[in-house]
Ligand SMILES: [Zn+2]
C-alpha cells in the first residue's frame, strides 16, 4: 500500500489514489498511484485533470 504523507488533496478513484505534490523542480504536479496488491502502477502528471483521467481509465493488469 502506497503512502501519501506529503501529498495534498488526495482522492480515491476506484483502486487508484491521486494526490498533488511538488516535483523536484518545485513545480506542482499530480501523481496517480494504484493501491491494488501486485499492480504497482503509478505515474506523474503535470495537471490534476490528466491524473484523474488516467486514474479513471486505469485497469489493473493482474
Ligand atoms: Zn492497478
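The values are calculated or read from the model by the stated rules, or taken from the named source; none is laboratory data. None of these values were measured; they are calculated from a predicted model. A quick note on method: Cβ atoms are made from the backbone with ideal geometry, for glycine too, and the neighbour counts reach across all protein chains shown.
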Residue within region 47-61 that is modelled with pLDDT under 90 and loosely packed, with under 15 Cβ neighbours inside 10 Å present: yes
Any hit, region 14-35, residues being free of Cβ contacts under 8 Å to residues at least 40 places away in the same chain, assigned to a loop (DSSP other than H, G, I, E, B), within 16 Å of the ligand (Cβ to nearest atom) and surrounded by fewer than 14 Cβ atoms within 10 Å (Cβ to Cβ): no
Region 42-62, residues that are in a loop (DSSP other than H, G, I, E, B) and either touching a residue at least 24 places away in the same chain (Cβ under 8 Å) or more than 8 Å from the ligand (Cβ to nearest atom) (or both): 46, 47, 58, 60, 62
